[in-house]
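Undergrad: Structure provided below as structure tokens; questions to follow.
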Amino acid sequence: MALSPALIVPCLGALAYFVLFTESALVKTLYGSTKAFTVVWPVLALTLILRQRFQLPHPHRRDLDAIALGAASGFLIGLVLVGLAQTALRGAVSSGVPAIRSQAERFDLIDHYWQFALLLSVVHAFIEEYYWRWFVYGQLRRLLPPAGAHVVAGAAFAAHHVVITGVYFGWGWGVVFGAGVGLGGVLWSIMYERQGTLTGAWISHAIVDLAIMAVGHRALWGTWIF
């Protein structure tokens, strides 16, 4: 009861606001509601269904210890993504430019690209780590062997990204890019498991998202940053 909605609602939400209701005035509402769900559901599920106490983490020495690996892994993955965007994948990225621009205009983001990019890369990345690693993976590891928990959490994390990238780049590339996201999710859940904190995974995730947004800026305007 706690995990099933958590595993499927983000994907269903992405299908709603990226595929089924793209021409509806409800798009922003559906998007906001899906994101609100990822913030609220873990608290409700823990307290009302699992009967556990919800506690905010306290700063700990392990948070500092996790920074170096988080930053190193994020920069490494980011450099790989930027490099791949200069190869044959550049054509695939360019093919998604009209859809990306249309979606950015629909959400009134085209004139505030880097403000949105920073929000996505810092705040939204933290929310995803809280939701997918701390809650989803954290509960799956109570039910499954470690490898199974990593795989299921990573696959669920990838699912709504398959929808998003499928809309932008076609469903074939959507599956490829979504699989890459799933591997990232597995890496971050392993980091969370071994480090005992979300700090490293969050830093890594944020840097990777910034690299993706830089690739997007390059595709939209022909420059990496401004």
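Undergrad: Residues in the range 15-51 that are assigned to a loop (DSSP other than H, G, I, E, B) and either among the hydroxyl-bearing types (S, T, Y) or surrounded by 12 or more Cβ atoms within 10 Å (Cβ to Cβ) (or both): how many?
TA: To start, the set of residues in the range 15-51 that are assigned to a loop (DSSP other than H, G, I, E, B) comprises 21-26, 50-51.
Still in the running and either among the hydroxyl-bearing types (S, T, Y) or surrounded by 12 or more Cβ atoms within 10 Å (Cβ to Cβ) (or both): 21-22, 24, 26, 50.
Final tally of qualifying residues: 5.
Undergrad: State whether the residues of the range 68-80 include one that is in contact with a Phe, Trp or Tyr (Cβ under 8 Å, 6 or more places away or on another chain), in a helix (DSSP H, G or I), modelled with pLDDT of 95 or more and surrounded by 15 or more Cβ atoms within 10 Å (Cβ to Cβ).
TA: So far as the range 68-80 goes, yes, one or more of its residues are in contact with a Phe, Trp or Tyr (Cβ under 8 Å, 6 or more places away or on another chain), in a helix (DSSP H, G or I), modelled with pLDDT of 95 or more and surrounded by 15 or more Cβ atoms within 10 Å (Cβ to Cβ).
Undergrad: From A149, A153, which residue is under 22 Å from V43 (Cα atoms), touching a residue at least 40 places away in the same chain (Cβ under 8 Å), part of a helix (DSSP H, G or I) and aliphatic (A, V, I, L, M)?
TA: Working: A153 fails: touching a residue at least 40 places away in the same chain (Cβ under 8 Å).
Criteria check complete, one pass: A149.
Undergrad: Test each condition in (1) among the small types (G, A, S); (2) exposed (fewer than 15 other Cβ atoms within 10 Å of the Cβ); (3) farther than 24 Å from F21 by Cβ for S102 and report the one that comes out false.
TA: Among (1) among the small types (G, A, S); (2) exposed (fewer than 15 other Cβ atoms within 10 Å of the Cβ); (3) farther than 24 Å from F21 by Cβ, the lone unmet condition for S102 is (3).
Undergrad: A follow-up question, please. Give the range 137-146 a look and list any residue that's in a helix (DSSP H, G or I) and over 16 Å from T199 (Cβ atoms), or say none. Reasoning before the result, please.
TA: First pass over the range 137-146, keeping only residues in a helix (DSSP H, G or I): 137-143, 146.
Within the range 137-146, Q139, L140, R141, R142, L143, P146 qualify.
Undergrad: Among the listed residues Y168, Y192, identify the single one that is assigned to a helix (DSSP H, G or I), more than 19 Å from S73 (Cβ to Cβ) and touching a residue at least 24 places away in the same chain (Cβ under 8 Å). Walk me through how you get there before you give the answer.
TA: On the way: Y192 fails: more than 19 Å from S73 (Cβ to Cβ).
Result: Y168 is the single residue among Y168, Y192 that is assigned to a helix (DSSP H, G or I), more than 19 Å from S73 (Cβ to Cβ) and touching a residue at least 24 places away in the same chain (Cβ under 8 Å).
Undergrad: Specify the residue that is nearest to R101 (Cα to Cα); the eligible residues are those in the range 1-14 that are in a helix (DSSP H, G or I) and of a type in the set (A, V, I, L, M).
TA: Of the range 1-14, the ones in a helix (DSSP H, G or I) are 3-14.
Retained after the next criterion (residues that are of a type in the set (A, V, I, L, M)): 3, 6-9, 12, 14.
Numbers: L3: 34, A6: 30, L7: 29, I8: 27, V9: 26, L12: 23, A14: 17 Å.
The qualifying residue nearest to R101 (Cα to Cα) is A14.
Undergrad: Of the residues that sit in the range 79-133 and are hydroxyl-bearing (S, T, Y) and in contact (Cβ under 8 Å) with a residue 40 or more places away in the chain, which one is farthest from I203 (Cα to Cα)?
TA: Narrowing the range 79-133 to residues hydroxyl-bearing (S, T, Y): 87, 94-95, 102, 113, 121, 130-131.
Now restrict to residues that are in contact (Cβ under 8 Å) with a residue 40 or more places away in the chain: 94-95, 113, 121, 130-131.
On the way: S94: 28, S95: 30, Y113: 21, S121: 9, Y130: 13, Y131: 15 Å.
Across the range 79-133, the extreme among qualifying residues is S95.
Undergrad: Run down W134, W173 and say which single residue is of a type outside the set (A, V, I, L, M), part of a helix (DSSP H, G or I), surrounded by fewer than 21 Cβ atoms within 10 Å (Cβ to Cβ) and modelled with pLDDT of 95 or more.
TA: Working: W173 fails: modelled with pLDDT of 95 or more.
Only one candidate passes the filter, namely W134.
Undergrad: Do you know which of the residues in the range 109-146 that are among the hydroxyl-bearing types (S, T, Y) and within 18 Å of L46 (Cβ to Cβ) is farthest from the chain's Cα centre (by Cα)?
TA: Looking only at the range 109-146, we keep the residues that are among the hydroxyl-bearing types (S, T, Y), and these are 113, 121, 130-131, 137.
This time we only want the ones that are within 18 Å of L46 (Cβ to Cβ), so: 130-131, 137.
Working: Y130: 11, Y131: 10, Y137: 14 Å.
The qualifying residue farthest from the chain's Cα centre (by Cα) is Y137.
Undergrad: Consider the range 157-170. How many of its residues are crowded, with 18+ Cβ neighbours inside 10 Å and either charged (D, E, K, R) or more than 17 Å from A16 (Cβ to Cβ) (or both)?
TA: Number satisfying all stated conditions: 3.
Undergrad: Identify the residue in the range 86-98 that is more than 19 Å from the chain's Cα centre (by Cα) and among the hydrophobic types (A, V, I, L, M, F, W, C) and, among all such residues, is surrounded by the fewest Cβ atoms within 10 Å (Cβ to Cβ). Spell out how you get there, then give the answer.
TA: Taking the range 86-98 and keeping what is more than 19 Å from the chain's Cα centre (by Cα), we get 86-92, 94-95, 97-98.
Going one step further and asking which of them are among the hydrophobic types (A, V, I, L, M, F, W, C), we end up with 88-89, 92, 97.
Numbers: A88: 7, L89: 17, A92: 19, V97: 15.
Applying the filter and picking the extreme gives A88.
The values are calculated or read from the model by the stated rules, or taken from the named source; none is laboratory data. None of these values were measured; they are calculated from a predicted model. FYI the Cβ positions are ideal-geometry reconstructions off the backbone, even for glycines, and counts take in every protein chain you see.
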